[in-house]
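S.K.: Provided herewith is a single structure, encoded as C-alpha cells, for subsequent inquiry.
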Amino acid sequence: MSLFIEPKPGILDIALYEGGQSSLPGHVAPLKLSSNESPFGPPPSAVSAMAEAATMAHRYPNTDHASLRAAIGEVHGLDPRRIICGVGSDEIITLLCQAYAGPGDEVLYPEHGFGMYRISALAAGARPVTAPEVDRVVDTQAILDAVTPRTRLIFIANPANPTGTMLPLSAFEDLAAALPETCLLVLDGAYVEFAEGYDGGARLVEARDNVVMTRTFSKVYGLGGVRVGFGYAPRPVIEVLTRIRGPFNLSNIALAGAEAAVRDVKWVAEALRVNAAERARLTGGLRQLGIACDESHANFVLARFADEAEADAADAHLKSQGIIVRAPKSYGLPQCLRITVGRPQDNDRVLDALTAFRGVA
C-alpha cells in the first residue's frame, strides 16, 4: 500500500530559489561577484565574538534576542520593543506571509521584485501579483492600481534588487496613506545602509500602523553565512510574528556576531566609504565602455547590454577570466548582468575583462 499526501495549493508552483553561482570549472579561486556579498568579509570584532560564543555551543540561545534588539535599537535609533529578529530578513518575509496571507489572498510586489516574495506568498497559499515598473524603477501608482480587496501584503525593496534604483521616502508616505486598512506595506531594506541619508522607512513605521521595515546583516555587515535579519513594525504586528517565530531560530553564534557587527560603526563606515567610491568608479567605467547602467544606491551595479545575446556573451567572457556575476533572467532582465561592487582590485579585473570583451584598445 502506498500513501501520497498532496502539499498545500501553491507549493508545487514554487521554483527553487537560485543563489549566485560560486564556482567555475577550471578556476580554483574565482572572483565571486554574484551575490552582493561584502568583499571585506565580516568585521574582525564579529569574528572574535562568534569564536567566543562557539565555546558555549552546548547551551540553548535566549529566546527573546533582547541583547541584539537593544544593540540594533541603540545604533539605529529604533524602539527595541518593535524589533523582531530572524534567520536573515528572508524569515521575516516568510513570517509575514504565514501570518497575514493565505488562500484567496494576494501578495503584491514590483515586476523585478526579489524572488522570495513570490516563494513566500505561494508557500502561504496566497496568490503572487506583480505591478509594472518604469525603466527599472518602482512605480507606486502602478502598485496602488494593482491593489484589490484581496491584497494583504505589498513588498517593495528600496533600494531595489536587482536594479539598484530607489524612490524617496515621500513616495511611500503617499502610498501607505492610500492603502486600505486590510493591507500592510513592507519596505525591504536589505541595502539601506548603502543609500546615504535614508532610514529604510523606520520613521514611517513609527508614524503609521500599516508599514513594516525589514533589514539584514548579510550585506554591509558581511554575515551572509550566519543568517541574521530583523523586522521593525508596529507592536501588534511584532506580537503576531513572535507567536509563530521559532523560539530558538538564531544561534548563540549568530546573535553574538550580529551584535558585535552592528556596534562596530567605524568598520561599517569604512566599508560604506569604499563601496560608494568603487560603485561610482565601476559605474563610470561601464558607461565609458558603452554599457548602460542606472545610478545604483546599493552594493552592486546592473549593467545593461544591447540584448540577451550580448549579455550572455559578456557573461561567458567574464567567466573565462574567472569572474562570476549574476544574470538576472529570472527577474525579467535577460539583457542585464548584476555585478557586485568589489574591492578596487576586483573592479579593475571586471573593467579590464569587459574592455577586452568590447575590443576597446
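The values are calculated or read from the model by the stated rules, or taken from the named source; none is laboratory data. What you are looking at is a predicted structure, and each value in this text was computed from that prediction instead of being measured. FYI the Cβ positions are ideal-geometry reconstructions off the backbone, even for glycines, and counts take in every protein chain you see.
S.K.: Looking at region 186-203, which of the residues that are crowded, with 23+ Cβ neighbours inside 10 Å and hydrophobic (A, V, I, L, M, F, W, C) is nearest to Ala298 (Cα to Cα)?
M.R.: Phe194
S.K.: A further question follows. If you scan region 257-292, which residues turn out to be over 27 Å from Gly88 (Cα atoms), among the polar types (S, T, N, Q) and either under 18 Å from the mean Cα position of the chain (by Cα) or surrounded by 14 or more Cβ atoms within 10 Å (Cβ to Cβ) (or both)?
M.R.: Thr283
S.K.: If only one of Val226, Val220, Val262 is outside any loop (DSSP other than H, G, I, E, B) and touching a residue at least 60 places away in the same chain (Cβ under 8 Å), which one is it?
M.R.: Val262
S.K.: Just to be sure before I move on: is Ala177 over 21 Å from Ala126 (Cβ atoms), assigned by TED's automatic domain parsing to the domain that holds Ser120 and of a type outside the set (Asp, Glu) in the structure I sent?
M.R.: The answer is yes for Ala177.
S.K.: Could you tell me which numbered condition Met213 fails, if it satisfies all but one of (1) buried (at least 23 other Cβ atoms within 10 Å of the Cβ); (2) aliphatic (A, V, I, L, M); (3) not in a strand (DSSP E or B)?
M.R.: (3)
S.K.: So, in region 153-169, exactly how many residues are in contact with a Cys (Cβ under 8 Å, 6 or more places away or on another chain) and without any contact (Cβ under 8 Å) to a residue 12 or more places away in the chain?
M.R.: Qualifying residue count, region 153-169: 0.
S.K.: Kindly list the number of the only condition in (1) in contact with a Gly (Cβ under 9 Å, 6 or more places away or on another chain); (2) of a type in the set (A, V, I, L, M, F, W, C); (3) without any contact (Cβ under 8 Å) to a residue 40 or more places away in the chain that fails for Ala66.
M.R.: Of the numbered conditions (1) in contact with a Gly (Cβ under 9 Å, 6 or more places away or on another chain); (2) of a type in the set (A, V, I, L, M, F, W, C); (3) without any contact (Cβ under 8 Å) to a residue 40 or more places away in the chain, the odd one out for Ala66 is (1).
S.K.: Scan region 130-152 and report the pairs whose first residue is touching a residue at least 24 places away in the same chain (Cβ under 8 Å) and in a loop (DSSP other than H, G, I, E, B) and whose second residue is polar (S, T, N, Q) and surrounded by fewer than 18 Cβ atoms within 10 Å (Cβ to Cβ), with Cβ atoms within less than 8 Å and a gap of 6+ or a chain change.
M.R.: Final answer for the pair search is Pro149/Thr182.
S.K.: Which residue, of Ala70, Ala101, Ala46, Ala51, is touching a Ser or Thr at 6+ places or on another chain (Cβ under 9 Å), at pLDDT 95 or above and either crowded, with 22+ Cβ neighbours inside 10 Å or over 27 Å from Pro334 (Cα atoms) (or both)?
M.R.: On the way: Ala70 fails: touching a Ser or Thr at 6+ places or on another chain (Cβ under 9 Å); Ala46 fails: touching a Ser or Thr at 6+ places or on another chain (Cβ under 9 Å); Ala51 fails: touching a Ser or Thr at 6+ places or on another chain (Cβ under 9 Å).
Testing whether each residue is touching a Ser or Thr at 6+ places or on another chain (Cβ under 9 Å), at pLDDT 95 or above and either crowded, with 22+ Cβ neighbours inside 10 Å or over 27 Å from Pro334 (Cα atoms) (or both) leaves just Ala101.
S.K.: Sticking with this one: Residue check, Glu295 against (1) more than 17 Å from Lys32 (Cβ to Cβ); (2) without any contact (Cβ under 8 Å) to a residue 60 or more places away in the chain; (3) exposed (fewer than 15 other Cβ atoms within 10 Å of the Cβ), all met but one. Which one?
M.R.: (2)
S.K.: Condition check: crowded, with 21+ Cβ neighbours inside 10 Å and assigned to a loop (DSSP other than H, G, I, E, B). Does Pro39 satisfy that? Break it down into steps so the answer makes sense when it comes.
M.R.: Numbers: crowded, with 21+ Cβ neighbours inside 10 Å: yes; assigned to a loop (DSSP other than H, G, I, E, B): yes.
Yes.
S.K.: If I go through region 266-292 residue by residue, how many of them are part of a strand (DSSP E or B) and either free of Cβ contacts under 8 Å to residues at least 12 places away in the same chain or in the same structural domain as Gly197 (by TED's automatic domain parsing) (or both)?
M.R.: 0
S.K.: Return the only residue of Asp13, Asp64 being charged (D, E, K, R) and not assigned by TED's automatic domain parsing to the domain that holds Leu255.
M.R.: Only one candidate passes the filter, namely Asp13.
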